Structures are given as C-alpha cells and as structure tokens.
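In what follows, a structure is listed as structure tokens, so that the remarks can point back to it.
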Amino acid sequence: MGTALVYHEDMTTARLLWDDPECELECPERLTAILERLQQSGLQQRCQRLVAQEASEAALGLVHSPEYVGLVRGTQALDTGELQALSGQYDAVYFHPSTFHCARLAVGATLQLVDAVLTGTVHNGLALVRPPGHHSQRAAANGFCVFNNVAIAAKHAKQKHGLCRILIVDWDIHHGQGIQYVFEDDPSILYFSWHRYEHAQFWPHLRDSDADVVGQGQGRGFTVNLPWNQVGMGNADYVAAFLHVLLPLAFEFDPELVLISAGFDSAIRDPEGQMQATPECFAHLTRLLQVLAGGRVCAVLEGGYHLESLSQSVCMMVQALLGDPTPPLSGPMVPCQSALESIQSVRAAQAPYWKSLQLQGATPRLSSGTHSLEGRPSTLLPAGLELKTAAAHAVSALSSLLDQLCLHPRSAVHTAAALTPLDAALVLPPDILHLEGSTQETQAWTRPHESLTQDQALTPLGQVLYLLDKILDGQVGSGIAATPAPTLNATLDVVIRRSLSHGTQRLFCVTMGQLDRPPDLANDGYVQIQSSAVDGHRTGIPGVAGGVCGCTSGARRPLLCPCSRSPCLCMGQLAGS
Ligand code: Q9C
Ligand code: ZN
C-alpha cells in the first residue's frame, strides 16, 4: 500500500486564448511546475502512478444537469470568439477547445483516486488536475472551475462504495461555494472551508461564505465556514483553525473518507490569497487529517497560482502522504486577533450542532476520536496494527503542534513581583522583574475597606494594582505580590473586583488559610473546597505552599490556551510583615 499520484498530461492543454488578467493565473505551467518538482525531489517516483481517464457522462450527472454537460461538450467545436463570448456569461471562467476533455479527465482522475483508496489499492493519494472544481455548480462554471471534481467524487463514494460519512476539507483560499451548494442539506457530507472573506469584500463576495451559514434542514451543522477577515494569515492561524474548529468536529463526525480540496492559493506568495502560511504548513495539515478515516485521504488539486510556492507546498503534502517526517514549523506560533475572532465565530455558530464545541474551552478530544476509529465496525478499515500506528503518529503530530501553538500572545515579561518592603527572606529567581509603580485610582478602590485607607496599606495596594493591570493587559505573564497581613483579605477583594471590571469573564481563585470570600460577589461558578488544614503543606494540593493565595484567570482571550498559560497572580503575606 502506498500513495497514488493520478495525472494525465493532456490536462496541460487547456489555456486562456485571449487577454484576461483575471483568468491568466490558471495556466498549464501550474501542473508542469508541480510535476517537475515532484520529479526532482524524487517524490514522484515513490508514488504509484495512475494515468487518468475521462469520467463517464453518468459521473458528471451525479452533480451537473444534462443541459450544462451538453453545453460544455459543445465548446469543443467553438471558435475563439465563440469561446470568449460563452466564457463571458460566467464569473471568472474561460473555455478552450480542450476544456471538455480536460475537465472530464479531472473528474476521472479524482474518481480513480477515490476508487484506489476505497478498494485498498493504495493508502492515500493525490489527483493533479486542471481545471479545478470547487466553484462549479449544477448548471454553471465559476472561478476557473468547470465540473466539480470533489463533489462528484463524494457522491460517487456514497453511491458506488456505500459510504455514509465523508469529510471534505477545502483549504483553498477561496470559498468552494459549489461544493457547499451541492451538499447544504446533506448530513452525510461534512464540508469545511476556510477562505479569504474580508467581510464579503473578497471574491466571490457571498453572504453564503460567512460563519453563520451552517447548512439547511437535516444538513444543519454539516457546512462549516471559516471566513478570514484579514490577509496575512499564517501557520499559527491555520493550525489553530484545525485544532479548534475542524478537528473537534471531524473526530466527532468520524468520517470514512477524507477528501481534500487542496488549493494552494492559501500559501505564502500566492497573488490571490495574500496569506503567509509556509509550504511546511501543508505537511502538518495533511498529517493532522491522516488520523481520520483510517488514513484514507484523497487530495485533489484546486487553486494555487504562485508556481514556486504551489509546487513546494504540493511536495510537502506528498511527503506527508508518504509518511515522511514533517519539517517543524518556524516562527512564533501565535494566531492573530482577527483569526481568533473568526475561529470563535465559527465555534459559536456550530456549537448547537456539535458536542465537542459545547464543553467550555474544549480542545480536540484525541481519545474519543481515535477510539471511535477502532471501535466502529467497518469492512473498510485497514489492519488494526497499521491503524494504531497511524493514529499514534497523528496524535503525536497533534500534541507537538498543541505544545507549539500559544493562543495567548506571549508577554514581554514572564513574571514580575510587587514587593514592599523587599523581604530579605524571600529569594526570587533572577529573571523575575521587580515592578515599582502605582495606579492612579488606588485610593478609589480602597473605599469599602477601612483597613486599606491607612498610608502604610495604600502603597502596597497601589503596587499590586499596578502589577495586576500589567497582567490584565498582557505586558506581564504572571506576578507575585506581597501585602501586609491585616489587609490581605481586602486586597484580594479589590483584586477580584478590578479583574472583573477589566472584562475578565472567568476567574479561578484559590485561597489558602483564613481568607474570606468577598461577600457580595455573584454566586455563579463558586465552588468551595473545604480543607481543615490551614497550612498549605497539608492540603494535599501539589505545588501550593502555605499561606499563599492564587488567582488564575483564563478568560480575557477568546480561547483557553491548550498549553495553559493563563495569566496568574500570586499574593501573600511575607514572613514577618
Ligand atoms: N476580480 C480557484 O482558486 N478571481 N479559483 C476573481 C475578481 C477568481 C479562483 C477576481 C478566482 C477564482 C480554484
Ligand atoms: Zn482558490
């Protein structure tokens, strides 16, 4: 068992015959550049080469109307003027006399790949095709696409192989609205697409591409749109989208087959996408998908218009399909704010339909996903051992990315301390920054607390609040503060109130020793863990030393960071103070 590469060189014959800056990107060199690079890197030779054949008209009829198929068939006999006139009736489309032949080869290649994977001839594979497919619709060409290769293949897999659940991952940078429309009411196809959207300012400018469009009728929740509202999305944004949107849903869906609408206009340097993801990212995305469906992954080329970036990215994907080690992702793995907002809006829109999104701060559930793979009876599943190895590989891929990905932009200062007076008994590591400063409104916060109004209490409180503000606005990761013993209770109260007034939604507060819960705080989520021990060493809570109180808030950011770097403030009275 290996990796299939399905191709036919005739697919390089269709090309633009007139001047049209919009369409000239989709050129034969796209395929030749990919093939040349696959050859040079020795990857092509490691694949099982399949020569594409034209799909039957019956196959085209799985998605397209007979009238539309007849119309495209008719383009073989048109002259250039007629081709141009017909092309003008569609959005971003050109026809060439060989278009019908190429488009049938593209569908045929995709079906051969699916057949090879589903009959067990190969493990996974790639169909290198032109024209692309994901924009084309029942009776319309659109966005360089003539027949919907991937949608036809999904219908075929259901009809000819009896599959019940197919995942389509569309990582092309354009919304595959054609695929969405074919399956919008079909719960057997989970369609995920991310796309440059910019609040509908980007082509194809459809309201249908937004995150709150989730499918219709029985198919609600099986259309998943992740619109990017800014250009420049990179590795961290893509990985975060997989870990926090696609994979939780995909594990829960438990597909029998994964089809990738593999467009590489989502990669760096592509003129259409304007994104930043490096070619290595596509190896990681591929690996992450290989844990699903027993590794039955079929990738089908869609867009990708920067020849160098395109061919590098395809090589990375093929390496992953072949099972080669994945080169590490470089650069800071910090998703941008706009990406987090997009991710959060899909999660909110999809939450009614998916258990995995209903748990707060949920991250992909590895155990359940890999379990259901083994547990579900299916004649199609490969041998147990092989599957377990594949799952183990994917799990390790996943956890290493989780380790790398930090959803909290890392603070400039890791830990800071506010200590007055600097207790000589307290020996802190040298990399802890000593903060001195005060908050303007310190006095206002003392109002309900008599103990804080005295001068000797005011200065420490000002320092604690100064430190807290730095933590709350992300300049400092965590902090340590010392307070005079008589004011510790009141200071805790002020710290909680100030955190809440900064918009913190969830706050985890651990108190050790005789500290009172602030009396008029809302009751929701309050859990008291009783402990007879006043001394922290005897509470049985590891890592908590006596007399220290900690507050952890994980809420200012839209998502809980999987590597758990929630901002944290530890307060305590210093020995002797
Ligand atoms: N001025 C694929 O990537 N661009 N198709 C329209 C409008 C059309 C992309 C620009 C892009 C089609 C498969
Ligand atoms: Zn595209």
Of the residues in segment 104-147, those that are within 16 Å of ligand 2 (Cβ to nearest atom), over 27 Å from the mean Cα position of the chain (by Cα) and not in a loop (DSSP other than H, G, I, E, B) come to ALA106
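Residue-by-condition table, conditions (1) in contact (Cβ under 8 Å) with a residue 60 or more places away in the chain; (2) acidic (Asp, Glu):
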{"position": "GLY273", "(1), (2)": "yes, no"}
{"position": "THR286", "(1), (2)": "no, no"}
{"position": "LEU289", "(1), (2)": "yes, no"}
{"position": "GLY294", "(1), (2)": "yes, no"}
{"position": "GLU302", "(1), (2)": "yes, yes"}
{"position": "HIS306", "(1), (2)": "no, no"}
{"position": "VAL314", "(1), (2)": "yes, no"}
For segment 114-138, enumerate the residues that are open to solvent by 10 Å² or more (accessible area, probe 1.4 Å), within 16 Å of ligand 1 (Cβ to nearest atom) and of a type outside the set (S, T, N, Q).
-> PRO131
Evaluate segment 184-191: report whether one residue or more is more than 12 Å from ligand 2 (Cβ to nearest atom), in a helix (DSSP H, G or I) and among the hydroxyl-bearing types (Ser, Thr, Tyr).
-> no
Give segment 162-183 a look and list any residue that's more than 27 Å from SER313 (Cβ to Cβ) and either touching a residue at least 60 places away in the same chain (Cβ under 8 Å) or within 16 Å of ligand 2 (Cβ to nearest atom) (or both), or say none.
-> LEU163, CYS164, ARG165
Of all helices (runs of 4 or more DSSP H) completely enclosed by segment 1-72, which ones contain at least 3 residues that are more than 16 Å from ligand 2 (Cβ to nearest atom) and open to solvent by less than 50 Å² (accessible area, probe 1.4 Å)?
-> 29-40
Considering segment 197-224 alone, what residues qualify as being on the phi < 0 side of the Ramachandran plot, more than 16 Å from ligand 1 (Cβ to nearest atom), in contact with a Gly (Cβ under 8 Å, 6 or more places away or on another chain) and in a loop (DSSP other than H, G, I, E, B)?
-> VAL214, PHE222
Could you give me the residue pairs with C-beta distances under 6 Å whose first residue belongs to segment 76-99 and is within 19 Å of THR12 (Cα to Cα), whose second residue is at pLDDT 95 or above and of a type in the set (S, T, N, Q) wherever it lies, and which are 6+ apart or on separate chains?
-> VAL93/SER87; TYR94/SER87; PHE95/THR75; PHE95/SER87; PRO97/GLN76; SER98/THR13; THR99/THR75
Which of the residues spanning segment 305-326 are surrounded by fewer than 24 Cβ atoms within 10 Å (Cβ to Cβ) and among the β-branched types (Val, Ile, Thr)?
-> THR326
State whether one or more residues within segment 183-195 are within 28 Å of MET1 (Cβ to Cβ) and open to solvent by 40 Å² or more (accessible area, probe 1.4 Å).
-> no
Residue under evaluation ASP91, criteria (1) under 28 Å from the mean Cα position of the chain (by Cα); (2) open to solvent by 10 Å² or more (accessible area, probe 1.4 Å); (3) within 15 Å of ligand 2 (Cβ to nearest atom), criterion not met = (1)
Give segment 242-272 a look and list any residue that's within 16 Å of ligand 2 (Cβ to nearest atom) and either among the aromatic types (Phe, Trp, Tyr) or open to solvent by 10 Å² or more (accessible area, probe 1.4 Å) (or both), or say none.
-> PHE264, ILE268, ARG269, PRO271, GLU272
Within segment 439-487, track down each residue that is β-branched (Val, Ile, Thr) and assigned to a strand (DSSP E or B).
-> VAL476, ILE480
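Here is a yes/no grid of residues against (1) of a type in the set (S, T, N, Q); (2) closer than 26 Å to SER400 by Cβ; (3) in a loop (DSSP other than H, G, I, E, B):
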| residue | (1), (2), (3) |
| --- | --- |
| HIS195 | no, no, no |
| TYR238 | no, yes, no |
| PHE251 | no, yes, no |
| GLU272 | no, no, yes |
| VAL291 | no, yes, yes |
Segment 139-161: number of residues that are open to solvent by 10 Å² or more (accessible area, probe 1.4 Å) and away from ligand 1 (no atom under 14 Å from the Cβ) = 7
For CYS164, all conditions in the list (1) more than 16 Å from ligand 1 (Cβ to nearest atom); (2) out of contact with any strand residue (DSSP E or B) (no Cβ under 7 Å at 6 or more places or on another chain); (3) not in a loop (DSSP other than H, G, I, E, B) hold save one; what is the number of the exception?
-> (3)
Here are some conditions: (1) crowded, with 22+ Cβ neighbours inside 10 Å; (2) within 17 Å of VAL150 (Cβ to Cβ); (3) within 16 Å of ligand 1 (Cβ to nearest atom). MET275 meets all but one. Which one does it not meet?
-> (2)
Given (1) farther than 21 Å from LEU167 by Cα; (2) without any contact (Cβ under 8 Å) to a residue 24 or more places away in the chain, where does GLN230 come up short, assuming only one miss?
-> (2)
Filter result for the condition that a residue is over 25 Å from LEU405 (Cα atoms), modelled with pLDDT of 95 or more and under 19 Å from the mean Cα position of the chain (by Cα), over ALA299, ALA320, ALA339 | ALA299
Do we have GLY303 as within 16 Å of ligand 1 (Cβ to nearest atom), of a type outside the set (A, V, I, L, M, F, W, C) and touching a His at 6+ places or on another chain (Cβ under 7 Å) here?
-> yes
Count - residues of segment 303-347 that are within 24 Å of PRO28 (Cβ to Cβ) and not in a helix (DSSP H, G or I) | 4
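The values are calculated or read from the model by the stated rules, or taken from the named source; none is laboratory data. In this text, all values refer to a predicted model and were calculated from it rather than measured experimentally. Because the Cβ atoms are built from the backbone with ideal geometry, glycine has one as well, and the counts that use them run over all protein chains shown. These area figures cover heavy atoms from the full protein model, side chains too; ligands, DNA and RNA do not enter into them. Shrake-Rupley method; radii C 1.70, N 1.55, O 1.52, S 1.80 Å.
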